Amino acid sequence: PRLRVVRCMAASEAAQLKSAREDIKEILKTTYCHPILVRLGWHDSGTYDKNIEEWPQRGGADGSLRFDPELSHGANAGLTSALKLIQPIKDKYPGITYADLFQLASATAIEEAGGPKLPMKYGRVDITAPEQCPPEGRLPDAGPRLPAEHLREVFYRMGLDDKEIVALSGAHTLGRSRPDRSGWGKPETKYTKDGPGEPGGQSWTAEWLKFDNSYFKDIKEQRDQELLVLPTDAALFDDPSFKVYAEKYAEDQEAFFKDYAEAHAKLSNLGAKFDPPEGFSLDDDKGAVATEEKVVADPAPASDTNSTGPQPEPFVSAKYSYKKRELSDTMKQKIRAEYEGLGGSPNKPMKSNYFLNIMIVIAGLAFLTSLTGN
């Protein structure tokens, strides 16, 4: 059989993801949708259960949030707006998956709001049917009876620890809570009544489109009644283990950015199945390889009814190159002329008694090539 090279596409194409990232940046400039895009990525990956090995039953970043059964979960109220924003991008770039697009949008929103550069990777595979969506109840609740215990129950199930819980909570520096969606917050405050974007809701910070460590500072001081503090927010300073990190982040924004970047990237990978398995980066030329080459064997062509012998291998001059240097076109022609002069051809195997002679000729020509440097 003949060998041929087949190019196998990854789950997403790196070039299209890069272009989609630029389109997302443009949307952010005009719609100020940073918070809801962050939430979109988080809620798609946050259903992961580390105790379930099978994909996609384990949940996680698999694009399942685009289906109605999951989109209708109580914790996902309002995310229809996020899907409407990015669906035109998905339509424009069919060579990317929803799972990658959700995480790309989330990461881009963080970075464009002034947050840290996130060490993201891509290549996530999408689920294909609504029946594959995870059950409701895996996402955190804003007002549980025991906030610290609830946070640990939810995030430990994902495989995250106390430091990562606190760092990820810091993303509440962006956005507002709307009572018509989550049941929490005021209809509007002095910080939200005029927008930008759609007015209303209650924000955790005064500059709710700027990613910094204000969330931790404002919760610690609790001097502005216009700012929102949920039970799960207050728990970060009430719980002794959480408080160590919350205090640190309130004082040191650089430390917060470092820990947040690592935690966000980890969250975005939870439960995902990658193709290629190691994923790829958009910012590393070595990693952003969206295709791979495989050598496969073609079936042997149908033989003539009068021929039962093996089919000849096509003449490939590169096989007779000296070391790793390709022979010149002139030398290729000489070798082929010798080959055909002794009875061989691309379509007919050479007689076995000529084999030694042709190999001697090839070796001699290769030696002369090395001496002349041609």
Seminar exercise, completed: Of the listed residues (Ser72, Ser81), the one being under 24 Å from Trp184 (Cα atoms), open to solvent by 60 Å² or more (accessible area, probe 1.4 Å), assigned by the TED database to the domain that holds Gln132 and among the small types (Gly, Ala, Ser) is Ser72
Exercise. Any residue at all in region 102-110 that is out of contact with any Pro (no Cβ under 6 Å at 6 or more places or on another chain) and open to solvent by 40 Å² or more (accessible area, probe 1.4 Å)?
Worked result: no
Exercise. Counting only residues that are more than 21 Å from the chain's Cα centre (by Cα) and part of a loop (DSSP other than H, G, I, E, B), which one in region 57-77 is modelled with the lowest pLDDT?
Worked result: Ala77
Problem set entry | Sole exception among (1) at pLDDT below 95; (2) closer than 25 Å to Asp283 by Cβ; (3) open to solvent by 40 Å² or more (accessible area, probe 1.4 Å); (4) among the aliphatic types (A, V, I, L, M) for Ala11, by number | (3)
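So that you can scan it fast, the table gives a plain yes or no per residue for (1) aliphatic (A, V, I, L, M); (2) open to solvent by 50 Å² or more (accessible area, probe 1.4 Å); (3) outside any helix (DSSP H, G or I); (4) within 21 Å of Trp208 (Cβ to Cβ):
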| residue | (1), (2), (3), (4) |
| --- | --- |
| Arg223 | no, yes, yes, yes |
| Asp233 | no, no, no, yes |
| Phe237 | no, no, no, yes |
| Val244 | yes, yes, no, no |
| Glu247 | no, yes, no, no |
| Ala250 | yes, no, no, yes |
| Phe257 | no, no, no, yes |
| Tyr260 | no, no, no, yes |
Problem set entry | Among (1) surrounded by fewer than 20 Cβ atoms within 10 Å (Cβ to Cβ); (2) in a loop (DSSP other than H, G, I, E, B) - the single one Tyr156 does not satisfy | (2)
For this session: Please work out which one of (1) closer than 24 Å to Glu149 by Cα; (2) open to solvent by less than 30 Å² (accessible area, probe 1.4 Å); (3) of a type in the set (Phe, Trp, Tyr) is the condition Phe280 fails and give its number.
Result: (1)
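Report yes if Asp44 is within 15 Å of the chain's Cα centre (by Cα) and open to solvent by less than 30 Å² (accessible area, probe 1.4 Å), otherwise no. Walk me through it before giving the result.
Numbers: within 15 Å of the chain's Cα centre (by Cα): yes; open to solvent by less than 30 Å² (accessible area, probe 1.4 Å): yes.
Yes; evaluated as a whole, the condition is true for this residue.
The values are calculated or read from the model by the stated rules, or taken from the named source; none is laboratory data. Worth saying up front: this structure is predicted, and the values here are computed from it rather than measured. Every residue, glycine as well, gets a Cβ built from its backbone with ideal geometry; the counts of neighbours run over all protein chains shown. These accessible areas exclude ligands, DNA and RNA; they are computed on the full protein's heavy atoms, side chains included. Shrake-Rupley method; radii C 1.70, N 1.55, O 1.52, S 1.80 Å.
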